[in-house]
Amino acid sequence: MSTYVISDIHGCYEKYRQMLDRIHFSDDDTLFVLGDVVDRGPQPVKVLQDMMCRPNVVPLIGNHELMALTCLKFLTTEITEETIEHLESDTLQILLEWVGEGGQSTMDGFSGLSFEERKELTEYLGEFSLYEEVSVNGKEYLLVHAGLGNFSTEKPIEEYTLEEMLFDRPDYSRVYFPDRYLVTGHTPTRNIRNHTNPDSIYQANNHIAIDCGCVFGGRLGAVCLEDGREFYV
């Protein structure tokens, strides 16, 4: 029985399935996915459909799911003159930004689904957690997509905004919690200053950063929380 964490799959279905084989993922294990499953890569909907079938996969929302959820909800709405008239400028702006940030592959996969499949997928995305607190072998972990913007030791986790948790990047040179580990994706590890092994998992200062840039020519990384082992595809 093992606990694994991966992040930023970005539609790389083949790498995702290879990773499940690599870690010998079984029904007794738990896999936390720290967001950005969708967009950019070729098969984001296929990744989501596989995750949906696995009750021991725990998804967290990333900034790309946040954008996609707004847009996909609109795309499941019947297009009529009335809905077009009531299309808010904010929704249109998000649609344009989403496509600009790689949402086309998600939109393409979504458009090939039946109405019921679209509804089911949208409901699944809406159930993603914002963060998870996990205890493994006496060690405490806080799992979140991006980080804790405007961090303060006095600030309860419930008071962080979506912007602070899904977009803001941590200061990896700083120890946020002396008694637990902050596990994040979002920032490709090749962009972490003083990280000497690009596209590998960063473990230092009670941070574990696991976005190894798989959709940018890097690797998909996974870490086992029981023993810190790292796995790559």
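Quick look at the values:
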quantity	calculated
Distance between modelled label sites at Glu163 and Glu133, nm, 7 Å Cα→Cβ extension	2.6 nm
Karplus (6.51, -1.76, 1.60) ³J(HN,Hα), θ = phi - 60°, over the range 173-178, in Hz, Gly and Pro reported as x	8, 10, 7, 7, 10, x
Residue order, fewest to most beta carbons within 10 Å, for Ile6, Ile23	Ile23, Ile6
Kirkwood-type radius of the range 130-200, with distances r between different C-alpha atoms, in Å	13.0 Å
Relative contact order %, the range 82-233, counting alpha carbon pairs below 8 Å whose residues are six or more apart	14 percent
HN-Hα J in Hz across the range 96-105 - Karplus 6.51, -1.76, 1.60, θ = phi - 60°, x for Gly and Pro	5, 5, 4, 4, x, 9, x, x, 4, 5
Vicinal HN-Hα couplings computed from phi for the range 157-171 (Karplus, 6.51 cos²θ - 1.76 cosθ + 1.60; Hz; Gly/Pro x)	4, 5, 8, 6, 7, 4, 4, 5, 9, 10, 10, 6, 9, x, 8
Segment Tyr124-Lys46, extension gain: residue separation times 0.36 nm, minus the distance between their alpha carbons	26.7 nm
Residues with amide H under 5 Å from that of Ser7, placed H, sequence gap 5 or more	Leu34, Gly221
Ranked Met51, Met1, criterion: other C-beta atoms within 10 Å, fewest first	Met1, Met51
Other-chain or far-sequence residues with amide H under 5 Å of Glu226's (modelled H)	Thr3
Neighbourhood net charge (14 Å Cβ-Cβ; Lys/Arg +1, Asp/Glu -1) for Asp28	-2
Long-range HN-HN contacts of Tyr181 with modeled amide H, under 5 Å	Glu140, Tyr141, Leu142
Cα Rg, Dmax (largest Cα-Cα span) when computed across the range 92-233, Å	17.0, 49
Net charge contributed by nearby residues that have their C-beta within less than 12 Å of Tyr124 (K/R +1, D/E -1)	-3
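Rule-based calculations on the coordinates, nothing more; no lab input. This one's a predicted model, so the numbers in the text were calculated from it and none came from an experiment. Cβ sites come from the backbone with ideal geometry, for glycine too, and all protein chains shown count toward neighbours.
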